[in-house]
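Okay, structure first, notes after.
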Amino acid sequence: MFHAPSTQSLLCFESSARLRSFTAAAHELHLTQGAVSRQIKMLEERLGVALFVRRRDAMTLTDAGREYIAEIEPLLKRLERATVNVMALKGRGGALSLSVGSSIGNYWLIPYLPTFTREHGEITLNLRTRVGAVDFASTSVDASLEFGDGKRPGLHSDFILPLRLLPYAAPSWVKRHGSRIGPATPRADLIQHLTLPDAWDGWFERERIAGDAGKEGPRYEIMSMALNAAAAGLGATLLPAYMADDQVAAGRLVALSDHAWDYPKGYYLVYPEASIGMRSLQTFKRWILALGEQERTTLAVRLGAELDS
């Protein structure tokens, strides 16, 4: 029967690998240098590989050591966080580490979070951001609100929100090029999203506009950059209403169509099997699913009004 290494030996290994010293690790863990050395030796015997190259003037990780520390660091961080949560909150709530895309996080999720914190003050929600899908095996993130198609093998994905797009531009741009996107619109003025490389093509097809949408326009990695570029008069861009509405109300952006278009991908709450039992995740999941349903209803009403106009 396989017996996993002890937590103490893993902690000694992590600390020694990070500090590159058994002596420094011993000081950090309040152990003797000999105790740390024995724990590392026991761990190496259990694994059947050397984890460190020991020299008189230095200590470095072997290839096996580097691979092993990369695997166990996220697990130790989760263990530390779980222990702190239980000690501090006595099972009443906990923390949730959530990765969220920059645009949907800043412009959609965070404005609603005061409601969540009022209703669930026992939960600490920690946010971090990244572009693209989260690799849960190499991070200590519990869940992710991310853009995609909801098909992540081995992970759970709950649909939250569609990405419904409209073209927008600054009033100064409208004066030069007109209030509607059409065949004569300069293709070099169409701001491209690196995460949505085919968005303009899809919108042109949806509107049955003749001609290729083109790829000549400037490229921006995240939507907030495209929004600010459009507001500065640098071109027209496709945005969801939750990002553009405040800019429209302030007179910095103008909608260039009455017809919104749903991009084929949307936003999903994604999480691994290991996170399912977390009370904080289950609470947040119920809240954001209800919020997403409310938002989708609002979008449906708005779309109906657009079609009637």
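The values are calculated or read from the model by the stated rules, or taken from the named source; none is laboratory data. Here the structure is a predicted model, which means the values were calculated and not measured. Using ideal geometry, Cβ is built from the backbone for each residue, glycine included, and neighbour counts are taken over all protein chains shown.
Remarks
- Matching residues in segment 170-200 - criterion: being in contact with a helix residue (DSSP H, G or I) (Cβ under 6 Å, 6 or more places away or on another chain) and of a type in the set (G, A, S): A170
- Checked against the criterion of being at pLDDT below 90 and basic (K, R), the candidates K151, K215, K175 yield just one match: K215.
- Of everything listed in (1) modelled with pLDDT of 95 or more; (2) surrounded by fewer than 17 Cβ atoms within 10 Å (Cβ to Cβ); (3) touching a strand residue (DSSP E or B) at 6+ places or on another chain (Cβ under 8 Å), the single unmet condition for E273 is (1).
- Residue that is more than 22 Å from V131 (Cβ to Cβ), among the small types (G, A, S) and buried (at least 20 other Cβ atoms within 10 Å of the Cβ), where the choices are A230, A260: A260
- Within segment 28-48, tally of residues that are out of contact with any Leu (no Cβ under 9 Å at 6 or more places or on another chain) and without any contact (Cβ under 8 Å) to a residue 12 or more places away in the chain: 8
- Screening segment 62-73 for residues that are of a type in the set (A, V, I, L, M, F, W, C) and closer than 11 Å to E14 by Cα and picking the one that is surrounded by the fewest Cβ atoms within 10 Å (Cβ to Cβ) gives A70.
- Count of segment 74-96 residues which are surrounded by 16 or more Cβ atoms within 10 Å (Cβ to Cβ) and at pLDDT below 90: 9
- Flag if A50 is assigned to a loop (DSSP other than H, G, I, E, B) and modelled with pLDDT of 85 or more: yes
- Looking across segment 196-217, the residues that are out of contact with any strand residue (DSSP E or B) (no Cβ under 7 Å at 6 or more places or on another chain) and either surrounded by 13 or more Cβ atoms within 10 Å (Cβ to Cβ) or within 20 Å of D262 (Cβ to Cβ) (or both) come down to P197, D198, D201, F204, E205, E207, R208, I209.
- Hits in segment 97-106 - residues which are closer than 21 Å to T195 by Cα and surrounded by 21 or more Cβ atoms within 10 Å (Cβ to Cβ): L98, S99, V100, G101, S103, I104
- Complete set of residues in segment 19-47 that are within 13 Å of G65 (Cβ to Cβ) and in contact with a helix residue (DSSP H, G or I) (Cβ under 8 Å, 6 or more places away or on another chain): I40, L43, L47
- For I191, the test of being at pLDDT 90 or above and of a type in the set (V, I, T) is passed.
- Considering R152, R128, R187, R176, the condition of being free of Cβ contacts under 8 Å to residues at least 40 places away in the same chain and under 21 Å from the mean Cα position of the chain (by Cα) is satisfied by R128 alone.
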